[in-house]
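Have a look at the structure below, then the notes.
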Amino acid sequence: MLDTMGDYPGFFERLLAGNDFDFETYAVVDGTFPSGPRACDGWIITGSRHGAYEDHPWIPPLEDLIREIYAEGVPLVGVCFGHQIIAQALGGQVEKFSGGWSVGATRYTGEAGSKTLNAWHQDQVTLLPPGARVLASSPFCQYAALAYGDHVYTIQPHPEYDAQAIGILLETRAPGVVPSYMIEEATQRLDTPTTEADEAARIAAVLKGTPA
């Protein structure tokens, strides 16, 4: 998939194009961290193949950075792994969900309105952090979108994944990992209209300082 579509930074640069953002990438999995919470005007923590609960040397300093960003009031957005690690850093719990996988176009409802976005996860937030506000849920994922104060917004599904990206994942990553019936059902939903443009606008607004 990386050869075809690029990595997470490219996904988010495309998703947020037109907002006059300048992007800087920190590969925290390689131990590359910013100098502090104000090194950038806003932050996005993307997805990852790692679990937030796994024992990696870069997880504790990332959690420390998240708490510093939150305390300083700097805009912060988390997507999938980012959604999970922010919840964990702020006192919640993340687990490999006993209910299994969620893949493909999925509808969410709640305070943030109705949205349909592409999911790709087994891990999820299972214990809500203190002070978090639930903005969206699905029958499978209770805490699908969260806000903390007015400057942190996180979401479990992937607004940066369009139908093409999900199709590639279903062909290359899913076999042998995701149950075959779920692959078939998600493939049948590839033409489902999604609301990633609305989600991109929301993420951009949070990064520009609009309350989450």
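Just so you know, all these numbers are worked out from the coordinates, no wet-lab data involved. Everything numeric in this text was worked out from a predicted model, so none of it was measured. Neighbour counts run over all protein chains shown; Cβ positions are idealised from the backbone, glycine included.
Using a 10 Å cut-off on Cβ atoms, rank the peptides 51-62, 69-80 from the highest mean neighbour count down.
Final packing ranking: 69-80, 51-62.
How much length would be gained if the chain were fully extended between THR192 and THR210, taking 0.36 nm per residue of separation minus their Cα-Cα distance, in nm to one decimal?
Gain on extension, THR192 to THR210, equals 3.5 nm.
For labels at GLU111 and ASN19 in the simple 7 Å Cα→Cβ model, what's the distance in nm?
Spacing of the two 7 Å Cα→Cβ label points: 2.0 nm.
Mind ranking 23-35, 91-103 by how tightly packed they are, going by the mean number of other C-beta atoms within 10 angstrom, highest first?
91-103, 23-35
Sort ASP123, ASP64 by Cβ crowding within 10 Å, fewest neighbours at the top.
By the 10 Å Cβ count, ascending, the order reads ASP64, ASP123.
Among the trypsin sites (Lys or Arg not before Pro) in region 10-79, which ones are in a DSSP loop with at most 15 other Cβ atoms within 10 Å of the Cβ? Mind listing them?
Sparse-neighbourhood loop trypsin sites (Lys or Arg not before Pro): ARG38, ARG49.
Based only on other Cβ atoms within 10 Å, what is the fewest-to-most ordering of THR116, THR154?
THR116, THR154
Count neighbours as other Cβ atoms within 10 Å of each site's Cβ, and list the trypsin sites (Lys or Arg not before Pro) in region 114-212 that are DSSP loop with at most 13 such neighbours.
For trypsin sites (Lys or Arg not before Pro) across region 114-212 that sit outside H, G, I, E and B with at most 13 neighbouring Cβ atoms in 10 Å, the list reads LYS208.
Given charges of +1 on the Cβ of Lys and Arg and -1 on the Cβ of Asp and Glu, with all other atoms neutral, how large is the dipole of region 2-207 about its Cα centre, in debye to the nearest 20? Walk me through the intermediate numbers first.
Numbers: 11 positive and 27 negative charges, 112 e Å.
Here region 2-207 has a charge dipole of around 540 debye.
Please report the net charge: other residues with Cβ closer than 15 Å to the Cβ of GLN122, K and R +1, D and E -1. The partial results should precede the final answer.
Values: positive: ARG49, LYS96, ARG173; negative: GLU54, GLU95, ASP123.
Once positives and negatives cancel, what remains is 0.
Under a Cβ-Cβ cut-off of 15 Å, what is the net charge of the residues other than ALA136 that fall near it, where Lys and Arg count +1 and Asp and Glu count -1?
Value of the local net charge: 0.
Using the alpha-carbon centroid of each, what span in Å lies between region 167-192 and region 122-143?
24 Å
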